[in-house]
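S.K.: Once you've had a glance at the structure underneath, I'll fire off some questions.
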Amino acid sequence: MNRLIYILFVAVISVLTISPAGAGVIYSNDFETNTDGFDVMDTSSQPSDEMGGVSTYLGIASPPTTSAVLTLTGLNPGTRYYLAFDVVLQGSWDGSLSFGPDFFSLSTSSAGTLIDATFRNGIPIGDPTPGQTYSDATPLGDGGLFRTREGADLELGGPVYFFGRGDGNPHPSFVASGTIETVSFTATDAQGVSDEYFALDNVEVTTVPEPAHGLLLLTGALILLARGRTVSRAGG
C-alpha cells in the first residue's frame, strides 16, 4: 500500500508540474479591432447570434473576397496545430444543383485540402432537397448528397457553420512542416462573388500536447488503487 501511495503522489506531482511546451493559443482573431495575419482587410458588421447581437466579420465587403489567406509564423515543425473558426455563407449558394457547384474549401500549406465541399442555402430554411456534399462527417464532400444546410449551427440571414467547436463538428488540423504555414479559406462558385460569398469570425489556432507521462501514471495508480480496494473488500 505504501508503494501505491508513493506512485500516486509522484503521478499527481507530475500532472501538476507539466509544462506543455508550445501548448496554447497560437493565433486568435475575432476581427473586432484588426485583421492581422490575413491578406485581406475587408470587414463588415453582421448579426452574431439569434438574439440580435452584432459582430465584425472578415470577408464581407464591396466587392466581397473570394479567398482569405492567413499566414502563421513561429511554428514548431512536426507539431500538430488545430484550427477553429466560424463561417457564414451569404447569398444564394446552390450547392451541387443548377447554377452550381458552389464550394467552400480550407487548405493549408502542410496538410493540403481539409475541407472541400458544396454548400446550399436553399429557400425556405429547412428545405429537405438533397443538394450539398458537405456534412459534419464528410468535410471533403465525399459522402454523397445531403439536405440543404446540413450541419449548419446557426441561422443569421445565412447559415453559420462551426469548425473546431461544438458537438460533432469537424476539427481541422495540420502538422507543421516548417516555421511558416499558410491557411487558405476559399469560395468557388459558378455565379460570382457578387451573389455568393462568405465571411469568417472567431478564427483560432491552437496546439494541444500529447497526453503527459504524469497523467498516464496517475491513471494507472488510480486503477491499481481501485483494484486494491476491491481485493481488500473481497478478503474481508
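S.K.: Restricting to segment 135-161, name every residue that is of a type outside the set (S, T, N, Q), closer than 17 Å to Val88 by Cα and over 17 Å from the mean Cα position of the chain (by Cα).
M.R.: Here is the first cut: in segment 135-161, the ones of a type outside the set (S, T, N, Q) are 136-137, 139-147, 149-161.
When the remaining residues are screened for being closer than 17 Å to Val88 by Cα, the result is 136, 139, 149-161.
Selection gives Arg149, Glu155, Leu156, Gly157, Gly158.
S.K.: Next question. With the condition kept exactly as written, say whether any residue in segment 60-68 is farther than 28 Å from Pro130 by Cβ, modelled with pLDDT of 85 or more, part of a loop (DSSP other than H, G, I, E, B) and out of contact with any Leu (no Cβ under 9 Å at 6 or more places or on another chain).
M.R.: Within segment 60-68, none of the residues are farther than 28 Å from Pro130 by Cβ, modelled with pLDDT of 85 or more, part of a loop (DSSP other than H, G, I, E, B) and out of contact with any Leu (no Cβ under 9 Å at 6 or more places or on another chain).
S.K.: Among the residues of segment 124-134, is there at least one that is in contact (Cβ under 8 Å) with a residue 12 or more places away in the chain and within 16 Å of the chain's Cα centre (by Cα)?
M.R.: For segment 124-134, residues in contact (Cβ under 8 Å) with a residue 12 or more places away in the chain and within 16 Å of the chain's Cα centre (by Cα): present.
Residues are listed down the side, and each one gets a yes or a no for (1) under 18 Å from Asp30 (Cβ atoms); (2) of a type in the set (Ser, Thr, Tyr); (3) touching a strand residue (DSSP E or B) at 6+ places or on another chain (Cβ under 6 Å):
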residue: Pro139; (1), (2), (3): no, no, yes
residue: Gly143; (1), (2), (3): no, no, no
residue: Arg149; (1), (2), (3): no, no, yes
residue: Leu156; (1), (2), (3): yes, no, yes
residue: Gly166; (1), (2), (3): yes, no, no
residue: Val175; (1), (2), (3): no, no, yes
residue: Ala190; (1), (2), (3): no, no, no
residue: Asp195; (1), (2), (3): no, no, yes
residue: Asn202; (1), (2), (3): yes, no, yes
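S.K.: Evaluate the following for Asp167: is it within 21 Å of Phe99 (Cα to Cα), in a loop (DSSP other than H, G, I, E, B), charged (D, E, K, R) and out of contact with any Gly (no Cβ under 9 Å at 6 or more places or on another chain)?
M.R.: On the way: within 21 Å of Phe99 (Cα to Cα): no; in a loop (DSSP other than H, G, I, E, B): yes; charged (D, E, K, R): yes; out of contact with any Gly (no Cβ under 9 Å at 6 or more places or on another chain): yes.
Answer is no for this residue.
S.K.: Criterion first (in contact with a strand residue (DSSP E or B) (Cβ under 6 Å, 6 or more places away or on another chain), modelled with pLDDT of 85 or more and not charged (D, E, K, R)) does Thr33 satisfy it?
M.R.: Here the answer is no, as Thr33 does not meet what is asked.
S.K.: Among the residues in segment 148-156, are any surrounded by 14 or more Cβ atoms within 10 Å (Cβ to Cβ), in contact with a Phe, Trp or Tyr (Cβ under 6 Å, 6 or more places away or on another chain), among the basic types (Lys, Arg) and in contact (Cβ under 8 Å) with a residue 12 or more places away in the chain?
M.R.: No, because not a single residue in segment 148-156 is surrounded by 14 or more Cβ atoms within 10 Å (Cβ to Cβ), in contact with a Phe, Trp or Tyr (Cβ under 6 Å, 6 or more places away or on another chain), among the basic types (Lys, Arg) and in contact (Cβ under 8 Å) with a residue 12 or more places away in the chain.
The values are calculated or read from the model by the stated rules, or taken from the named source; none is laboratory data. All values reported here derive from a predicted model rather than from experimental measurement. Ideal geometry is used to build each Cβ from the backbone, glycine not excepted, and the neighbour counts take in all protein chains shown.
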